[in-house]
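Have a look at the structure below before the remarks.
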Amino acid sequence: MTLTAAPILRLETAVVNRIAAGEVVQRPCNALKELLENCLDAGSTSIQIILKQGGLILLQISDNGSGIRHDDLPILCERFTTSKLKQFEDLSSIATYGFRGEALASISHVAKLTVLTKTASDVVGKKAVFLDGHLQGSPLSMAANQGTQITVEDLFYNLPTRKRALKSGAEEFNRSADMVAKYAIHNSGRAGFSLKKDKDTTPYVRTTKDATLQTNIGQIFGHAMAKELIEVATADSARLKFKMSGWITNVNYNCKKFNFLLFINHRLVDHAGLKRSLQMVYNAYLPKGTHPFIYMSLEIAPENVDVNVHPTKHEVHFLHQDEIVESIQQAVDAKLLGSNTSRTFLTQG
Ligand code: ADP
Ligand code: MG
């Protein structure tokens, strides 16, 4: 049998972009996370989200942030266009979520993307439609509030296999709701959020900007749990260059699922090692097979955290991992021990 070598051809740019976009945006909640982080990067204090069929048919997010300069609209959805990063060195000190200039481009390659935006110095807003990274026609002038509204329609219309695989709007809605809830909690005091299904009149998630963290946790996860919360923190460690603060349930509370909300330098991340270590601490206090609720925010010196992570990777790495995890374990254990004694004391007295 003779084997013939097939010629190597260069893929068309549109094909390359669509493949890359499909990796960045795997399901509606990935798109929503990118859009939500853009709102926060723009300094928004109010963020409203509407989803139709879990975001598969429509995903709309409105904010009251800086808005986008109308002159920038033509390149807004091109790959690697950003207002946040200028040179590679800036990466180590970057304070925004975004810096790659990839999100809007990616979304526009797998959906129809419409932007309505107005900055403080604009008299009117502009509405622009994008497909495959390109602005369609000229932006239209339109009345708008300051800020940006992004509408994503018919996600994965050009990736039929993906679209078929994601047929449950309810499942996609739950994933997005979970993510929005976590950001809403973490941004207590900075921004208020609302998340609605398109036809519903009452929002599924609603927090106000000035409510406390504890109030917002109660609002979302229920007041029965929120009243068992205790605050934890570690002092700023000069050597390990980190500090931790959070709210954790005391030993009176347990549930079937470990709800672990972890933010490192304000990014929602996963850390299997830390999660396991915290469960171990609770194992000494909770009935077998039950779990706590933990909201934790770590601030680690940016130079010690690898931020150059891919949008779809949530597991994060940082320096002095073992020592940091251990000192968090100790802080949590000390709190639980404290909450345990006070209970014994109360029941005895
Ligand atoms: P990145 O966030 O990495 O810069 P994106 O593709 O997410 O890339 O966004 C591209 C640019 O569009 C941003 O740098 C920002 O200037 C602008 N932008 C996107 N969303 C918003 C928003 N909600 N408010 C203001 N500007 C925005
Ligand atoms: Mg972004």
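Is it true that Cys39 is in a helix (DSSP H, G or I), in contact with a Ser or Thr (Cβ under 8 Å, 6 or more places away or on another chain), touching a residue at least 60 places away in the same chain (Cβ under 8 Å) and under 21 Å from Pro139 (Cβ atoms)? Criteria met by Cys39. Scanning the stretch 107-141 for residues being at negative phi and in contact with a Lys or Arg (Cβ under 8 Å, 6 or more places away or on another chain) gives a total of 17. Of everything in the stretch 91-130 that's more than 15 Å from ligand 2 (Cβ to nearest atom) and charged (D, E, K, R), which residue is farthest from the chain's Cα centre (by Cα)? Looking at the filtered set, the residue picked out is Asp122.
Yes or no: the stretch 99-112 includes at least one residue that is outside any helix (DSSP H, G or I), out of contact with any Cys (no Cβ under 8 Å at 6 or more places or on another chain), among the hydrophobic types (A, V, I, L, M, F, W, C) and assigned by TED's automatic domain parsing to the domain that holds Gln149. Give the derivation first.
Taking the stretch 99-112 first, the residues outside any helix (DSSP H, G or I) are 99-102, 111-112.
From the residues that got through so far, the ones that are out of contact with any Cys (no Cβ under 8 Å at 6 or more places or on another chain) too are 99-102, 111-112.
Then drop every residue that is not among the hydrophobic types (A, V, I, L, M, F, W, C), which leaves 99, 111.
Next, from what is left, pick out any that are assigned by TED's automatic domain parsing to the domain that holds Gln149: 99, 111.
Scanning the stretch 99-112, I find at least one residue that is outside any helix (DSSP H, G or I), out of contact with any Cys (no Cβ under 8 Å at 6 or more places or on another chain), among the hydrophobic types (A, V, I, L, M, F, W, C) and assigned by TED's automatic domain parsing to the domain that holds Gln149, so the answer is yes.
In the list Asp63, Asp90, Asp71, which residue meets the criterion of being more than 7 Å from ligand 1 (Cβ to nearest atom), of a type outside the set (A, V, I, L, M, F, W, C) and modelled with pLDDT of 95 or more?
Values: Asp63 fails: more than 7 Å from ligand 1 (Cβ to nearest atom); Asp90 fails: modelled with pLDDT of 95 or more.
None of the others qualify; the one that does is Asp71.
On inspection, Leu135 qualifies as in contact with a helix residue (DSSP H, G or I) (Cβ under 6 Å, 6 or more places away or on another chain), surrounded by 15 or more Cβ atoms within 10 Å (Cβ to Cβ), of a type in the set (A, V, I, L, M) and in the same structural domain as Asn30 (by TED's automatic domain parsing).
Please specify each residue of the stretch 50-74 satisfying the condition of being aliphatic (A, V, I, L, M), more than 21 Å from Tyr157 (Cα to Cα) and within 16 Å of the chain's Cα centre (by Cα). Once the filter is applied, which keeps residues that are aliphatic (A, V, I, L, M), more than 21 Å from Tyr157 (Cα to Cα) and within 16 Å of the chain's Cα centre (by Cα), the stretch 50-74 yields nothing.
When the helices (runs of 4 or more DSSP H) confined to the stretch 191-304 are screened for residues that are touching a helix residue (DSSP H, G or I) at 6+ places or on another chain (Cβ under 6 Å), those reaching at least 2 such residues are found at 213-221, 272-283. Out of contact with any Cys (no Cβ under 9 Å at 6 or more places or on another chain) and among the hydrophobic types (A, V, I, L, M, F, W, C): is that true of Leu135 in this structure? Answer is no for this residue.
Mind listing whichever residues of the stretch 1-36 are out of contact with any helix residue (DSSP H, G or I) (no Cβ under 8 Å at 6 or more places or on another chain) and of a type in the set (Asp, Glu)? The answer is Glu12, Glu23. Per the listing Ala20, Ala95, the residue uniquely in a loop (DSSP other than H, G, I, E, B) and away from ligand 1 (no atom under 11 Å from the Cβ) is Ala95. Kindly indicate whether His70 is more than 16 Å from ligand 2 (Cβ to nearest atom) and either under 21 Å from Glu34 (Cβ atoms) or aromatic (Phe, Trp, Tyr) (or both). Taking the combined requirement at face value, the residue does not satisfy it. Looking across Phe156, Phe130, one residue alone is more than 12 Å from ligand 1 (Cβ to nearest atom), surrounded by 18 or more Cβ atoms within 10 Å (Cβ to Cβ) and among the hydrophobic types (A, V, I, L, M, F, W, C). It is Phe156. The residues of the stretch 109-154 that are in contact with a Gly (Cβ under 8 Å, 6 or more places away or on another chain) and either of a type in the set (D, E, K, R) or under 30 Å from Gln26 (Cα atoms) (or both), listed by number, are His109, Val110, Leu116, Thr117, Lys118, Asp122, Val129, Gly147, Thr148, Val152. Of all the residues in the stretch 64-92, those that are in a loop (DSSP other than H, G, I, E, B) and either closer than 29 Å to Lys209 by Cα or touching a helix residue (DSSP H, G or I) at 6+ places or on another chain (Cβ under 9 Å) (or both) number 16. Listed conditions (1) crowded, with 17+ Cβ neighbours inside 10 Å; (2) near ligand 1 (Cβ under 9 Å from one of its atoms); (3) without any contact (Cβ under 8 Å) to a residue 24 or more places away in the chain are all met by Leu85, apart from (1).
Working only within the stretch 98-115, note down all residues that are within 7 Å of ligand 1 (Cβ to nearest atom) and either charged (D, E, K, R) or buried (at least 23 other Cβ atoms within 10 Å of the Cβ) (or both). Residues satisfying the conditions are Arg100, Glu102, Ala103, Leu104, Ala105. Yes or no: Asn265 modelled with pLDDT of 95 or more and crowded, with 19+ Cβ neighbours inside 10 Å? When the stated conditions are applied, Asn265 does not pass them.
The values are calculated or read from the model by the stated rules, or taken from the named source; none is laboratory data. Quantities reported herein were computed from a predicted structural model and do not represent experimental measurements. Heads up, the Cβs are rebuilt from the backbone with ideal geometry, glycines too, and the neighbour counts pull from every protein chain shown.
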